[in-house]
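Undergrad: I have a structure I would like to understand better, so I am pasting it below and will then ask my questions one at a time.
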Amino acid sequence: MRITFPYMGHSHWVFRQLLSELGHEPIVPPRPTKRTLDYGTRYAPEFACIPFKVLLGSYLEAIELGAEAVVTTGGVGPCRAGYYAPLHQRILADLGYDLDFIVLEPPLRNLKDFYRQLRKLFPPRIGIGKLLGILSRAWVKLNAIDYLERLSHQIRPRELEPGRTTKVFEQCLELLGAATTVSEMKAAREEGRRLLAEIPVDREKELLKIGIIGEIYVVLEPFINHNVQILLEEMGVLADRSIYLADWVRGNALIPGEKDIKRAARPYLKELVGGHGLNSIGETVLYARRGFDGVVQLAPFACIPEIVAKSIIPAVSSILDIPVLTLFLDEQTGVAGIKTRLEAFVDLLWQKKRKGAGAQWKQVTLA
C-alpha cells in the first residue's frame, strides 16, 4: 500500500523507514511550502487552524505523488486535533479522492483501539520478533535524530561561521536517513556528533536563554513557525524547545509521563484543556525555575487550548518574573514580522538581564 503521513519536523526520516520495513511504499510528502499552505487554505474551513490547513495541503501533494492511504494520529480532550482525520477524509472525498485513513489514538487511553488500527499496517503473519525489530530500529533512529538536533541547537548560538551548524546538521540527517540497522544508526549518530563538535564556536560568548513552548505541530514544524528557534539562535540566544518527538512519544504513548510538567502547572491550572495548553503553563513555570530569561509561546491562531494558556500565563509571568512573548500563527503570518518581534523581545530581555530583576514584566502577545 502506498501510504503517506503528516510532515512534521524531521520525523519523515523515521516514518519512511518504518513503513518501508512493514512492506509498504512510503509516500513522503514534500516539505511544506507556501504552495502546501495555499492548497490547504483553499479547501479547509476558514476557521480551521494552520496545522489543519498545512496537513490538508500535504495530503493533497502526497496524492499527486500517488498516495493511497494516510496514517496519522488522533487526539483527546477539548482540542479540534481529534477531528482532523475525519474532516480531512471528508474534504478529500468531496474532492474526489478516496483515501483510507489509519488513525492512531493515544494507546494509554485505549490500547485495544490503538492496536486494532496499528494492525492494519502489519503484513500478514508477521512474527513478533520481526515486528519488535522493526519498531526498535525506528525508535533508535528517532532518538538519534532528536539527540543530534538538540546538540545543533546548543552549538548554533556560538558558531563563528553563520549557517555552518545548519549545513552540518543537514549532513547528519542524511547520514541517519541512510542508516538501516541499529549499528549503522549508532555509527551515524556518533559521526554526526563528531561533525557538530568540529564546528568552531565562541565558548565565552554570553547568551540569553529562552524556552519555546506551545502547540506541538507549530513548535516542531519550522515552516509554520518560520524557523523561530534558528532565528533566536542566530541572535545569540540559547533557545530550548520544550517538545521533541521522542520525548512526546515516550511520555504520551509508551508510559504515563510529563508528571513534572503537570505538577508545575497545578497551582495555576488543574484541568485538562486539550492540546498542549496545560503543558504551556507547566513548562513556563519550569523554565522560570531553571533560570531562563524568557519564554516564547507558539500557538495556531484560534487554538482554544493555547488561548486558555495565554490567559493564565500573565499571572505566571508576573509571579515568577519571567517575560513571555506569545506569537499566534496563521496563513497571514510572515517571517519579517516574526523576526522583528523576536528582535524586540530579545532586546528587552538583554535590558532586563543587565539591569537585574526589577519591575514586573508582563506577557506580550503578538499575532
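Here, each number is a calculation from the coordinates, and none is a lab measurement. Being a predicted model, the structure only gives us computed values, none of them experimental. Cβ sites come from the backbone with ideal geometry, for glycine too, and all protein chains shown count toward neighbours.
Undergrad: Quick one: Karplus J couplings for segment 235-243, per residue in order, coefficients 6.51, -1.76, 1.60, θ = phi - 60°, nearest Hz, x for Gly and Pro?
TA: Working through the residues one at a time gives 8, x, 10, 7, 9, 9, 7, 6, 10 Hz.
Undergrad: Still on this structure: Got a sec to turn the phi values of segment 162-173 into Karplus ³J(HN,Hα) couplings, 6.51 cos²θ - 1.76 cosθ + 1.60 with θ = phi - 60°, whole Hz, x for Gly and Pro?
TA: x, x, 5, 4, 4, 5, 5, 5, 4, 4, 4, 5
Undergrad: Here's another thing I want to ask about it. Around residue 304, under 15 Å between beta carbons, what's the net of Lys plus Arg minus Asp minus Glu among the other residues?
TA: Numbers: positive: 80, 310; negative: 215, 271, 306, 330.
Net charge in that neighbourhood comes out at -2.
Undergrad: Here's a follow-up. Starting from the 7 Å offset along Cα-to-Cβ, what nm value, one decimal, do you get for the label separation of residue 320 and residue 42?
TA: Inter-label distance under the simple model: 4.4 nm.
Undergrad: Further question on the same structure: So if each residue of separation counts as 0.36 nm, and I subtract the Cα-Cα distance between residue 94 and residue 122, what length gain in nm does that give? All intermediate terms of the calculation are to be shown ahead of the outcome.
TA: On the way: separation 28, 0.36 × 28 = 10.08 nm, distance 2.91 nm.
Length gained between residue 94 and residue 122: 7.2 nm.
Undergrad: How big is segment 1-118 on each of its three principal axes, counting only the C-alpha atoms and giving the largest first in Å?
TA: So the extents along the principal axes, rounded to whole Å, are 36, 33, 28.
Undergrad: Next question. Counting only residues 5 or more places away or on other chains, whose amide H sits under 5 Å from the amide H of residue 273 once H atoms are built in the peptide plane?
TA: HN-HN under 5 Å from residue 273: 278.
Undergrad: Suppose every K and R has +1 on its Cβ and every D and E has -1 on its Cβ; what is the size of the dipole of the chain about the Cα centre, in Debye to the nearest 20?
TA: With Lys and Arg at +1 and Asp and Glu at -1, about 980 debye.
Undergrad: With angles folded into 0 to 90 degrees, how steeply does helix 12-21 sit against the dominant principal axis of the chain? Use alpha carbons for both and round to 10.
TA: Roughly 20 degrees between the two axes.
Undergrad: Residue 294's amide H: which non-local residues (gap 5+, or another chain) put their own amide H closer than 5 Å, with H modeled 1.01 Å from N in plane and none for Pro or chain starts?
TA: Counting only residues 5 or more places away or on other chains, the set is 209, 211.
Undergrad: Next up: Residue separation times 0.36 nm, minus the C-alpha to C-alpha distance between residue 28 and residue 351: what's the value?
TA: Working: separation 323, 0.36 × 323 = 116.28 nm, distance 4.50 nm.
Full extension of this stretch gives 111.8 nm more.
Undergrad: What does segment 131-205 give for Rg and for Dmax, in Å, if only its C-alpha atoms count?
TA: Here Rg and the maximum Cα pair distance are 13.5, 48 Å.
Undergrad: Report, in degrees rounded to the nearest 10, the 0 to 90 angle that the Cα long axis of helix 182-197 makes with the longest principal axis of the chain.
TA: Roughly 30 degrees between the two axes.
Undergrad: Take the residue pairs 34/355; 34/141; 34/259; 186/352; 34/167; 205/262 and return only those whose Cα atoms are more than 32 Å apart. Could the numbers behind the result be given before it?
TA: Numbers: 34/355 42 Å; 34/141 29 Å; 34/259 38 Å; 186/352 43 Å; 34/167 23 Å; 205/262 34 Å.
From the list (34/355; 34/141; 34/259; 186/352; 34/167; 205/262), the Cα-Cα distance tops 32 Å for 34/355; 34/259; 186/352; 205/262.
Undergrad: Rg/Rh for the chain: what does it come to with C-alpha atoms and Rh from Kirkwood?
TA: Result for the chain is an Rg/Rh of 0.96.
Undergrad: Can you order the peptides 2-15, 59-72 by their average number of other Cβ atoms within 10 Å per residue, highest first?
TA: Working: 2-15: 21.9, 59-72: 19.9.
Averaged packing, sorted descending, gives the order 2-15, 59-72.
Undergrad: Just to confirm the number: angle between the C-alpha axis of helix 335-355 and the first principal axis of the chain, 0 to 90 degrees, nearest 10?
TA: Rounded to the nearest ten degrees, it is 40.
Undergrad: Right, another one. Charges only on Cβ, +1 for Lys and Arg, -1 for Asp and Glu: so what's the dipole of segment 207-366 about the Cα centre, in debye to the nearest 20?
TA: 700 debye
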